[in-house]
1. Which of rounded, prolate or oblate describes the stretch 251-376 when judged by the alpha-carbon gyration tensor and an a/c cut-off of 1.5?
2. Using alpha carbons only, how many angstrom separate the centre of the stretch 598-613 from the centre of the stretch 116-189?
3. Between Thr491 and Ala88, what is the spin-label point distance in nm, taking each point 7 Å from the Cα along the Cα→C-beta axis?
4. Out of residues 5 or more away from Ile133 or on other chains, whose amide H comes under 5 Å of its own, with H placed 1.01 Å from N in the peptide plane?
5. Given H placed on each backbone N at 1.01 Å, which residues far from Asp83 in sequence or on other chains put an amide H within less than 5 Å of it?
6. Which pairs, out of Lys144/Lys316; Lys391/Lys433; Lys80/Lys203; Lys56/Lys144, put more than 25 Å between their alpha-carbon atoms?
7. Between Gly91 and residues 5 or more places away or on another chain, which pairs have amide H atoms under 5 Å apart, with H built 1.01 Å from N, and which residues are they?
8. Semi-axes of the equivalent ellipsoid of the stretch 336-485: what are they in whole Å, largest first, if each equals the square root of 5 times a C-alpha gyration tensor eigenvalue?
Amino acid sequence: LVSRGRFRLTGYLSANWDGTGDCKSPAPPPSPPPPVIDIPECDCTTSGNSCFDDEKYVYPNAGLVGALSPTLFAGQSCVKEVDISGNALTGSLPSFADTMATKIDVSGNKFSGALPPLPLDYLELLDASNNDISGTIPTTLFSKVLNKALLYANELSGCIPSEIGDTTALEWLDVENNNLDCMLPSQLQNQETILNFKASGNKFPYPLQPWMLTSIIQKPGFQPSPCDPADPSCVNKYKDKGFDYGRLELERCEIPGMLPAVPFSGYTLHLDFNQLSGSIPYALGDSMYIHNFFLNDNSLTGSIPSSFGLNTAYFKGLHLENNGLSGSLPDNLFNAITIEQLYLSNNMLTGSLDAANSIFWNANISSGARPLDFYVDGNKFTEMTGAMFAKGAFAADDTRLRGFRFFDNPMLDATIPTEIGYHTLLKFVLGFKNPMLDGTLPTEVGQLAVLEDLKLSETALTGCIPTEINGCADLEELDLSETKMGCAIPTEIGELEDLVELQLSNSDFDSPIPSQIGGLSSAKKILLTGNDLVGPLPSEIGSLSFLLSFDASKNSIGGMIPSEVGTMSALTSLDLSFNDLTGCIPSEIGSLSNLVYLVLAENELSCPIPDEFCNLASIMLIDLKENKLTGPIPDMFYNLDNLDCFVVQGNYLTGKLPKSIGYPAYVDCILTRYETCESGKITNTLEPPIEFRVLRKCDITICNSPPPPSRPNLPPLPPPPPPPEARETPPSPPPPPPESEPPCPPKPEYTYVSAEDFDDYFDGFKSGTRRTLAELVRALGVDESPVAAAVGGIIALVAVVAFVAFAVVSPRGQAEPEAAPEVAVAVHFEEKTARQRRPSREVMQD
């Protein structure tokens, strides 16, 4: 269900959840892990031992760790049951041959090696799943009384033994997800007991034989009774088994060839994710007891046979998605009024969808019929009218349409009919990527109270979002992006408290963003880019405490960025570029410690860049280009360890590039006002130019070329204001401002001295260290010669590491020598020269 249908887990499911109640409650506190205990002994001769007292060796999920003794069960004939599942046991399994166990469960451990000897005269259930057991399946396994063998998720190889044809009790065999690679033994058609055969996830690269569909699975619940049902002593193993039986599962087995033209004998047939080709035989669709067909993800062609739907008493699911089927849908298909999953996605089916109306109704939900998921996306359907959703023939009929996916049908010329409002069980309507889907979104959509997903993007829809949208109280995703819809964003949208994603991008909405948007208390993503939105940003967006991404770029939003943005603590991406925003960048943005992308480019923002940006611990991109920002770039980069790109060209910034820009933040791309110089190089217009020691990915060089003339669209900076007129009595100086903590920690300051001073200190360091070590060697009574040689090498290595650490990694706290006309972005170790800077004695001593 998770892999084939729409699944959204918004809470937690407990291990004993019964399918009822509210799934959105918070998770209970995790229970502490079970303590690790010693592996108990098994002794059938001593009282107080579980093997003696209970005739059981049962320790499931008990925290057992380690390997079992090979003789753990030797001579222990009193043992009737073994359950050591869900532990962390390793090594080989011990022999169980001396026990009389009817049940052996060793699943969920880390056992390896081959299957051990088993008590075949007594064993009815063997569960060795989810281990690392290897080797082949023993030929003796299927004799005697074994009823259920679960060997899935291991490393078994070879073949299923032909002796399986002689089984007299086996009903359930599960060998999924192993390394079996032989053709299924033909002796399987001789047995008369198997009700479940699961071998998916192995390699059976051989065509299907007719007997595999007709003889492996017996007909559960319909076999002639072997005795008189009226006789109390009669045991009919085939009676009332339910739909968990009658399953043949061979998906992901690399099976090639065509489907045999025979009916299937069981309830559920899994042949999905194979290499089947050709058409679907009529006889297969006419299977008498079919419950579920899984033929998806193959290379089947031709039309869907009209035999599907003829036998409708048990028909629940038809999975034909991801094939090459063509033609129109057969009318008989819609006679199966009990069908729950009709998945026809990603084929080349054509024609009208209106006939599906009959399976949307005529089933009383209260009587036990389940809702329907109808998937026809990725086809070439051409017609869908109100008749498809019209009310059933009888007034008492209940709707059962739960999910409708019809996106990516480029030839579908249709509208969203008003009759959709009848289907009050709908949870998702996905109709995006239908360029010919036009008309308006009907007001009746507000009647879909349990609707969770409404996605109609990349269509030709027009008109407004109906104010009745607030009737969709459970709506979690609303996507109307890339349509022709416009008008104002309705204020009622703020009443959707469960809405997680709101996407209205690249449409024609032309109103201010309503302040009611602050009511979207569950929102994590709001995308409004590419519209004609106007007005200021509402300060109410600050209440969106769970919002991760807000994008209102490419609009006409004006005014100032509200300071309340700084309270959106979960925000990771903020994009307000290409608008008409004015004023200063609020310093409160610096409190967004989870912010990764900040894009405010192409606005009219002024004032300096806030110093508080130094607190953006997660930031990777800061894009402030083409604004009217002034002042220097803050010396903030010491704290921005994740910053990759800092873009500020097209502003009025002055001063020097801060020295912290190369340490410790490994800035990939520094873009200043002009990108001239040579190809692959950047002109540094913030004088004087300094060396960038660490710049990755961009492969650029900082140049000293003079900046080009000012661009016409960037007027020169206004002249500074004239000094105030002199006064006879100078005013008293203003009181000093109260001391406040700086927004960023102070940058480290290191000093540098000459190479000669460093060499003098290094020589003293070497001689002093040698003296100390020599005294230690003599005290230990060890020969000094080889030790001295080794120590000398160690000292040299330590000195080199220390030099590299301080000369390359440490920031430079003093002015550097005049840079060359072109400073390459790299660090080279060269011969010592007078220019080479060395850490001071104090640094080395520290």
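Where a number appears in this text, it was derived from the coordinates with a stated rule and is not lab data. Only a predicted model underlies this, so the values are computations on that prediction, with no experimental measurement involved. Note that each Cβ is placed from the backbone with ideal geometry, even for glycine, and that neighbours are counted across all protein chains shown.
1. prolate
2. Spelled out, the Cα-based centre of one part sits 68 Å from the other.
3. The modelled label-to-label distance comes out at 5.9 nm.
4. Glu155
5. Here the answer is Tyr57, Val58, Tyr59, Asp105, since their amide H atoms fall under 5 Å of that of Asp83.
6. Details: Lys144/Lys316 36 Å; Lys391/Lys433 27 Å; Lys80/Lys203 36 Å; Lys56/Lys144 22 Å.
Pairs exceeding the cut-off: Lys144/Lys316; Lys391/Lys433; Lys80/Lys203.
7. Hits under the 5 Å cutoff: Ser112.
8. On the way: eigenvalues 104, 72, 34 Å².
After diagonalising the Cα gyration tensor, the semi-axes are 23, 19, 13 Å.
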